[in-house]
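Chemist: Shown below is the structure under consideration.
The values are calculated or read from the model by the stated rules, or taken from the named source; none is laboratory data. Everything numeric in this text was worked out from a predicted model, so none of it was measured. Cβ: placed from backbone, ideal geometry, glycine included. Neighbour counts: every protein chain shown.
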Amino acid sequence: MTATPPVQAACEPSPWTLSADHSVAASAGTRLNLTDASTGLIVDEGVQVLGLRLPAGCGPVEAWARGADLTAVYEPSDERQLRITAMWRMGPASPATSDIRWWQMVLSSQTSLLTSSAELAVLSTIRGEHATVAGRWTGETVAWEGPSEQAATCLQVNSRTTEGRTRSVVIAIHPDDPGAIDQHALEDGSLQVCCRLFPSNVEKGVLLRSRILVALGPDAPPQQAAGDWSANLLRQFAGSPPVLTA
């Protein structure tokens, strides 16, 4: 099974509902709290994705929803003097692929200093029994290597819920963007996946931008990374033009 991200028409209503307290509700039960961006999108039982690690108490200075996109701007009060814009994009639902859901994050960073460290971390947490397969981009396809590939840019997580449901979560940094994915177990046995972006410094007047794709779909054996269902999504993501907003 393959899934092609359809183009969302400009006249379609936004799937995001943004409240005055910066809590967000979205279609299919997805939730997000912009005042605690590190938690990310709560998209399924035991799955939280695309959380932005920020200093404690750092809420957005502005936020808005437009079409399929939810955007928030953060200005952490630390020595790096960064202005960070996070845009979460929800993939439109398709009756033909109702068991497949996907989201993108477009993250940008700039500084008011002459030069500053720009590194940011995007977090996803998957609870339950799990097995992972890491991979790297080769052109617009992914070469899946094994469970402990160093400096991976793509990761598949096969997991099983406490009720016995199985699923696969695929996480990928865009092949044009520098970054790496690492993973580690939390104290409760959950798996935390960290996408590390912007490894170099940023200079004043320069805007850094990166994209991450997360897709949730049917499970696949650990040796058969992502199965067939995500191949088209990954190919579409790799070939997509740069986003001009966020």
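Chemist: How do the pairs read when you match residues in the stretch 163-180 that are in contact (Cβ under 8 Å) with a residue 60 or more places away in the chain and outside any strand (DSSP E or B) with residues anywhere that are surrounded by fewer than 21 Cβ atoms within 10 Å (Cβ to Cβ) and among the aromatic types (Phe, Trp, Tyr), using Cβ under 6 Å and keeping only pairs 6 or more apart or on different chains?
Modeler: Qualifying pairs under 6 Å: PRO175/TRP137.
Chemist: So, of the residues in the stretch 210-237 that are closer than 19 Å to THR166 by Cα and of a type in the set (D, E, K, R), which turns out to be modelled with the highest pLDDT?
Modeler: Here the answer is ASP219.
Chemist: Anything in the stretch 94-127 that is over 13 Å from the mean Cα position of the chain (by Cα), over 20 Å from ASN33 (Cβ atoms) and surrounded by 14 or more Cβ atoms within 10 Å (Cβ to Cβ)? List them, or say none.
Modeler: Result: THR97, ILE100, SER108, SER109, GLN110, THR111, LEU113, SER116, SER117, ALA118, GLU119.
Chemist: On to the next question. Does the stretch 139-193 hold any residues that are at pLDDT below 85, in contact with a Lys or Arg (Cβ under 9 Å, 6 or more places away or on another chain), loosely packed, with under 15 Cβ neighbours inside 10 Å and over 15 Å from ALA215 (Cα atoms), and which are they?
Modeler: ALA151, THR162 - these are the residues of the stretch 139-193 that are at pLDDT below 85, in contact with a Lys or Arg (Cβ under 9 Å, 6 or more places away or on another chain), loosely packed, with under 15 Cβ neighbours inside 10 Å and over 15 Å from ALA215 (Cα atoms).
Chemist: Another question about this same structure. Answer yes or no as to whether ARG196 is farther than 17 Å from ILE171 by Cα, of a type in the set (Lys, Arg), assigned to a strand (DSSP E or B) and modelled with pLDDT of 95 or more.
Modeler: Details: farther than 17 Å from ILE171 by Cα: no; of a type in the set (Lys, Arg): yes; assigned to a strand (DSSP E or B): yes; modelled with pLDDT of 95 or more: yes.
Answer is no for this residue.
Chemist: Hey, another quick one. Checking the condition crowded, with 17+ Cβ neighbours inside 10 Å and among the small types (Gly, Ala, Ser), which residue from ALA68, ALA56, ALA28 passes?
Modeler: Details: ALA56 fails: crowded, with 17+ Cβ neighbours inside 10 Å; ALA28 fails: crowded, with 17+ Cβ neighbours inside 10 Å.
Matching residue, one of ALA68, ALA56, ALA28: ALA68.
Chemist: Within the set of pairs 6+ apart or on separate chains, which have a first residue in the stretch 186-212 that is at positive phi, a second that is among the polar types (S, T, N, Q), and C-beta atoms under 9 Å apart?
Modeler: Every condition considered, the pairs that remain are PHE198/SER109; PHE198/SER117; PHE198/SER210; GLY205/GLN110.
Chemist: Going by the structure shown, is SER159 touching an Asp or Glu at 6+ places or on another chain (Cβ under 9 Å) and assigned to a strand (DSSP E or B)? Quick ask: steps written out before the conclusion?
Modeler: On the way: touching an Asp or Glu at 6+ places or on another chain (Cβ under 9 Å): yes; assigned to a strand (DSSP E or B): yes.
Spelling it out, SER159 is indeed touching an Asp or Glu at 6+ places or on another chain (Cβ under 9 Å) and assigned to a strand (DSSP E or B).
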